Amino acid sequence: MNLLSPLISKLARLRSWQIDNWKNYPVLAQRAVLQDLVTAGQYTVFGKKHHLSKLFTVKHFKEHVPIQEYADLLPYIERMLHGEPNVLWNSPVHWFAKSSGTTSEKSKFIPVSEESLQYNHYKASKDILTNYYKNFPSSNLLAGKGLVVGGSHQVSKLEDDIQYGDLSAVLIQNSPFWGQWIRTPELSIALMDDWENKIEMLAQTTSQENVTSLAGVPTWTLLLLKRILEIRQKETIREVWPNLELYFTGGVSFVPYKEQFDKIIGAPINYIEIYNASEGFFAGQTHPDEEGMTLFTEHGIFYEFMPVEEYYGSKRTVGLREVELGKQYAIVITTSGGLWRYLVGDTIRFTSLNPYRIKVSGRLKHYINAFGEELIIDNADHAIARACEVTHAKVSDYTAAPVYFSDNSNGAHEWLIEFDQPPDSLQAFTVALDDALKSVNSDYEAKRYKDIALRLPIVHALPKGVFAEWLASKNKMGGQHKIPRLSNDRDFLESIKKLSGIT
């Protein structure tokens, strides 16, 4: 056992009672968070416009502050980007997280205040670590280095003291000095812009380190691990990093990737899912065996939950007391970075109400519902995983879109899939995918009945590297950038088909 382990375990136990407090009394924790946010926000341009100083209940708050999407807050954010103070938040905001986004070509700039760094991102990270040591008190996690496969950083040219970058870069640049001791690689490599060279530098330098944990989007992490095996001429990552024990995953579902990670690592490790976005650190697994991630209710964010059917209606939201298991909600947040009743765009469902645990099920605008089938990413990920199991395939990434009715045929879903290991038969994979979709989505099953509305899916196997090439063409390589899994129109799919030469 490493000498640090007993000390860290003791500190974790001291923090555990505080974690238990907000887990046991989440509604009270949320009321206190909202009170603090409104108290601070009343002095801002936004707060004065919406009379935050006169709002004393959640009901009044919801009545006077409308739901905000990015376009609604953009005029305020543009003022902040030029250095104007007290616009959305009452303390200076010098950093912005540049969100990659997959719903448009334009980036979003999310304000990151000192409060959101300290009391949300870093506090949540500490609580994840606390829970890990509580569950694994003899862990040697901090005896080695943590490798984060993050994004890149660049300095805004608008004002000298206004900077922006991917979330990972913002966190790295603002982390305490001791954070540099437990992280790899060195800062100059971690913040490289050129993703292809960055992967190579990451592989060359970190393959010689004592790496005990990994964090990053699965697709880019796998790419790095494969390159490391080539450099070290090893069969498994365990031969390179014998003390590796933990992988933090997030951004996309880990379901289609777990088998690939198990194989390439070559020995059992723990997988912890976290929900850390540019807008905030929302949730994380407290134990690898739990279904869903515990919602962080005392970490500077007030949550509301919009039933997805309300998005095109009244936009009604509910609080924690009113949520239901299994129901799809769009997550709405108010944060210490100045996002007021902000619609993140992700959809979630609750897997537990005591404590409150959630799973990310997709995006409000990333779904297929061209024929009333209401296919969401959660359905698609599970169906892909099942089809892989049946046909001994491994999928590295995919996207899908509808094929609309024509004079000669009814509708279908068209899938573009990059296989890390091709299936025994693409036709068998297609049938297995279709069967799995029917089993997890009754609306899809109804539309597939006798091929009346939907026929068998159309599946194309793409050459390896096409998705990465497409992301590069959109200047979206690396970090949190990812392929849009589902779309209700064919724009993404047609663009990728053209690049790959599929007619």
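Rule-based calculations on the coordinates, nothing more; no lab input. Note that this is a predicted model, so its numbers are computed, not measured. Please note: Cβ atoms are built from the backbone with ideal geometry, for glycine as well, and neighbour counts cover all protein chains shown.
Which FRET efficiency value, to the nearest 0.05, is calculated for Q233 and D424 with the Förster distance at 25 angstrom and r the Cβ-Cβ distance? Efficiency, rounded to the nearest 0.05: 0.25. Of the peptides 446-455, 366-375, the order by per-residue mean of other Cβ atoms within 10 Å, starting with the highest, comes out as 366-375, 446-455. Excluding same-chain neighbours fewer than eight residues apart, the lysines reachable from K450 by a Cα-Cα span under 28 Å are K438. With a Förster radius of 41 Å applied to the C-beta separation of D193 and V255, the computed FRET efficiency comes to 0.85. Looking at the chain, the DSSP beta bridges with both ends there are about 65 percent antiparallel. Spacing of the modelled spin labels on F56 and I458, each 7 Å from Cα toward Cβ, amounts to 6.3 nm. Model label points for S442 and K315, set 7 angstrom from Cα along the Cα-to-Cβ axis, are 3.2 nm apart.
Show me the chymotrypsin sites (Phe, Trp or Tyr not before Pro) within region 14-56 that DSSP assigns to loop and that have at most 12 other Cβ atoms within 10 Å of their Cβ.
F56
What base-10 log of the normalised intensity I(q)/I(0) is obtained for the chain from the Debye formula, alpha carbons as equal point scatterers, at q = 0.13 Å⁻¹? For the chain at q = 0.13 Å⁻¹, log10 I(q)/I(0) is -1.40. Ordering E259, E389 by the number of other Cβ atoms within 10 Å of each residue's own Cβ, fewest first, gives E389, E259. Listed by chain and number, the aspartates and glutamates placed with their C-alpha closer than 13 angstrom to that of K497 are E414, E418, E469; residues fewer than eight positions away on the same chain are left out. At a Förster distance of 45 Å, what's the computed FRET efficiency of E209 paired with N408, Cβ-Cβ distance as r, to 0.05? For E209 and N408, the calculated efficiency is 0.15. Placing +1 on the Cβ of every Lys and Arg and -1 on the Cβ of every Asp and Glu, with no other charges, gives region 344-390 a dipole of roughly 200 debye about its Cα centre.
Taking 0.692 mPa s as the viscosity and 37 °C as the temperature, the Stokes-Einstein diffusion coefficient of region 367-500 based on its alpha-carbon Kirkwood radius rounds to 218 µm²/s.
The residue list A97, T351, G47 was ranked by how far each Cα lies along the charge dipole of the chain toward its positive end, using unit charges on Cβ atoms, and G47 comes out on top. About its Cα centre, the dipole of region 302-345 is roughly 100 debye, where the only charges are +1 on Lys and Arg Cβ and -1 on Asp and Glu Cβ. Do you know the relative contact order of the chain, to the nearest whole percent, from alpha carbon pairs under 8 angstrom that are 6+ apart? That works out to 14 percent. Take the alpha carbon gyration tensor of region 117-276, find the square roots of its eigenvalues, order them as a ≥ b ≥ c, and report rounded if a/c is under 1.5; if not, report prolate when a/b exceeds b/c, else oblate. Since a/c reaches 1.5 but b/c is at least a/b, the shape of region 117-276 is classed as oblate.
Here the gap between W17 and A267, fully extended at 0.36 nm per residue and compared with their Cα-Cα distance, gives a gain of 86.7 nm. About its Cα centre, the dipole of the chain is roughly 860 debye, where the only charges are +1 on Lys and Arg Cβ and -1 on Asp and Glu Cβ. Each of G319, N174, V149 was scored by the projection of its Cα onto the charge dipole of the chain, and the greatest displacement toward the positive side belongs to G319; charges sit on the C-beta of Lys, Arg, Asp and Glu.
Taking 27 Å as the limit for the C-alpha separation, the pairs K258/K315; K198/K359; K49/K482; K98/K134; K464/K498 exceed it in the case of K258/K315; K198/K359; K49/K482; K98/K134. A dipole drawn for the chain from +1 and -1 charges on Cβ atoms has a positive end, and of L222, A71, V33 the residue lying farthest that way is V33.
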